[in-house]
Amino acid sequence: MNPHFIFKCLNSIKLYTTQNDTQAASEYLTKFSRLIRLVMENSRNDRISLAAELEALRLYIEMEAMRFKEKLSYSISVDKDVEMDYIEIPPLLLQPYVENAIWHGLMHKEEGGRIDITAAMKKMNPYWK
């Protein structure tokens, strides 16, 4: 996890606290602590389930959406054929792509934008090698 992201999170919590928005500070801190825990647990393994990766990604996007108010919306959808508990990928594989999309794509737009993440199975042609 990027140290700059951790610093930004702590600053967001500080901001909510100084604005006396205890509800937002508490919600953000809860998401932050869950994300840190997931990242630490997931980093012990070479591979994690797609379900675990998407949960960490969801927390990350929710935190960014809170920081940027109405500028960021998102959806994460998984096709019914995708067995999220059995598909394994490296931890934090998707997060850098989403972070770059937010920071280098959406945040420069005055109106912000939307991130849509879809997990689907692609059937391979049995004649392809």
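If I ask for residues that are acidic (Asp, Glu) and assigned to a helix (DSSP H, G or I), which ones from the range 23-52 would you list? Walk me through how you get there before you give the answer.
Here is the first cut: in the range 23-52, the residues acidic (Asp, Glu) are 27, 41, 46.
Glu27, Glu41 - these are the residues of the range 23-52 that are acidic (Asp, Glu) and assigned to a helix (DSSP H, G or I).
Quick one: which residue in Asn100, Asn20 is free of Cβ contacts under 8 Å to residues at least 24 places away in the same chain, polar (S, T, N, Q) and part of a loop (DSSP other than H, G, I, E, B)? Spell out how you get there, then give the answer.
On the way: Asn100 fails: part of a loop (DSSP other than H, G, I, E, B).
Of the residues listed, the single one that is free of Cβ contacts under 8 Å to residues at least 24 places away in the same chain, polar (S, T, N, Q) and part of a loop (DSSP other than H, G, I, E, B) is Asn20.
For the range 62-79, how many residues meet the condition of being among the hydrophobic types (A, V, I, L, M, F, W, C) and under 17 Å from Leu50 (Cβ atoms)? Steps first, answer last, please.
Going residue by residue through the range 62-79, those that are among the hydrophobic types (A, V, I, L, M, F, W, C) are 63, 65-66, 68, 72, 76, 78.
If we keep only those that are under 17 Å from Leu50 (Cβ atoms) too, we end up with 76, 78.
Total satisfying the criteria: 2.
Kindly indicate whether any position in the range 57-65 is of a type in the set (Asp, Glu) and more than 14 Å from the chain's Cα centre (by Cα). So that I can check it myself, show each step before the final result.
Let us first name the residues in the range 57-65 that are of a type in the set (Asp, Glu), namely 62, 64.
Add one more test, that the residue is more than 14 Å from the chain's Cα centre (by Cα), and what stays is none.
No, because not a single residue in the range 57-65 is of a type in the set (Asp, Glu) and more than 14 Å from the chain's Cα centre (by Cα).
Got a sec? Which of Leu106, Leu92, Leu72 is at pLDDT 85 or above and on the phi > 0 side of the Ramachandran plot?
Working: Leu106 fails: on the phi > 0 side of the Ramachandran plot; Leu72 fails: on the phi > 0 side of the Ramachandran plot.
From the options Leu106, Leu92, Leu72, the qualifying one is Leu92.
Quick check, is Leu35 under 17 Å from the mean Cα position of the chain (by Cα) and touching a residue at least 60 places away in the same chain (Cβ under 8 Å)? If you could, list the steps in order and put the result at the bottom.
Values: under 17 Å from the mean Cα position of the chain (by Cα): yes; touching a residue at least 60 places away in the same chain (Cβ under 8 Å): no.
So Leu35 does not fit the description; no.
Can you find, within the range 64-86, the residue that is nearest to Phe7 (Cα to Cα) among those that are part of a strand (DSSP E or B) and out of contact with any Gly (no Cβ under 9 Å at 6 or more places or on another chain)? Reasoning before the result, please.
Of the range 64-86, the ones part of a strand (DSSP E or B) are 72-78.
Within this subset, residues satisfying the condition of being out of contact with any Gly (no Cβ under 9 Å at 6 or more places or on another chain) are 74-78.
Values: Tyr74: 23, Ser75: 26, Ile76: 26, Ser77: 30, Val78: 31 Å.
Ranking the candidates gives Tyr74 first.
Look at Leu29 and say whether it is touching a Leu at 6+ places or on another chain (Cβ under 9 Å) and either among the β-branched types (Val, Ile, Thr) or surrounded by 16 or more Cβ atoms within 10 Å (Cβ to Cβ) (or both). Break it down stepwise before answering.
On the way: touching a Leu at 6+ places or on another chain (Cβ under 9 Å): no; either among the β-branched types (Val, Ile, Thr) or surrounded by 16 or more Cβ atoms within 10 Å (Cβ to Cβ) (or both): yes.
No.
The values are calculated or read from the model by the stated rules, or taken from the named source; none is laboratory data. Computed from a predicted model, the values in this text were never measured in an experiment. Methodologically, a virtual Cβ is constructed for each residue, glycine included, from the backbone with ideal geometry; neighbour enumeration extends over all protein chains shown.
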